[in-house]
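Here is the structure we will look at.
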Amino acid sequence: MSVALDLPVLVLNRHWTPVHVTSVKHAIVLACKSHASFVCPVTYTPHSIMDWIERGVLSGSRLMSARFEMESPEIIVLGDYDRVPPRGIAFNRRNLIRRDDNTCQYCGKQHAPDGMTIDHVTPLSRGGPTDWENCVLACHRCNGRKANRTPAEANMKLLKKPFKPEWSPRYAVYARINRPASWNNFIPKGMLETAGAE
């Protein structure tokens, strides 16, 4: 059951806008405290925790305890929270791997994460900053070939211009791999395609 309690749950504010991704365990705590309602993944009807238990398991994962069983929630809606919290995306190796989809931005090949380096498009020695707009993933071979030059000087072309990604629930814990289909009606397609991280 511990694995089921760690599954991702999309959190909507009271205007039904996605604001976060949490775990099933935390979603149950919020529902028990009447801070949130479970949302049916088919009808999108909100349910209190008691209604959800009485509803039974209609689809999806099953959670069982000694006294009852219930369907694992995929979406919750908060009762009072109406803001969309600002999200800053930390610039780090893990988030850069997510943004660039673990793909060398010069040759287009995917490698194991330890086979990738962070390349400064404008080299550090020329004042290039270490930030989203100047760094890309590069395999060891391409980074060595480019060396201390710009892509133009090395006659190498970037697959795409580096950019600072926007935050989206897709990049919160668990969400990238295990995102339930029921989330698609709440997260716009463009947001799903935007790289970022919590």
Whether any residue in the stretch 109-116 is modelled with pLDDT of 90 or more and basic (K, R) is what I want to check.
yes
Return the total of residues in the stretch 117-137 being touching a helix residue (DSSP H, G or I) at 6+ places or on another chain (Cβ under 7 Å) and either at positive phi or not hydroxyl-bearing (S, T, Y) (or both).
4
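Which residue out of A152, A66 is farther than 30 Å from A4 by Cα and small (G, A, S)? Don't jump to the end; show me each part of the working.
Numbers: A66 fails: farther than 30 Å from A4 by Cα.
The unique qualifying residue is A152.
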The stretch 25-81 - residue that is free of Cβ contacts under 8 Å to residues at least 40 places away in the same chain and aromatic (F, W, Y) and, of those, nearest to P8 (Cα to Cα):
F38
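Farther than 29 Å from N185 by Cβ, crowded, with 18+ Cβ neighbours inside 10 Å and modelled with pLDDT of 85 or more, is that true of D100? I'd like the intermediate steps shown before the answer.
On the way: farther than 29 Å from N185 by Cβ: no; crowded, with 18+ Cβ neighbours inside 10 Å: yes; modelled with pLDDT of 85 or more: yes.
Judged against the criteria, D100 is not a match.
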Residue count, the stretch 1-17 (criterion: out of contact with any helix residue (DSSP H, G or I) (no Cβ under 9 Å at 6 or more places or on another chain) and in a strand (DSSP E or B))
1
Matching residues in the stretch 1-37 (closer than 17 Å to D51 by Cβ and of a type outside the set (A, V, I, L, M)) number 5
Give the stretch 18-55 a look and list any residue that's in a loop (DSSP other than H, G, I, E, B) and surrounded by fewer than 16 Cβ atoms within 10 Å (Cβ to Cβ), or say none.
K33, S34, H35, V42, T43, Y44, T45, S48
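The values are calculated or read from the model by the stated rules, or taken from the named source; none is laboratory data. Computed from a prediction, not measured in an experiment: that's the story for all the values here. Glycine gets a Cβ as well: all are built from the backbone with ideal geometry, and neighbour counts include every protein chain shown.
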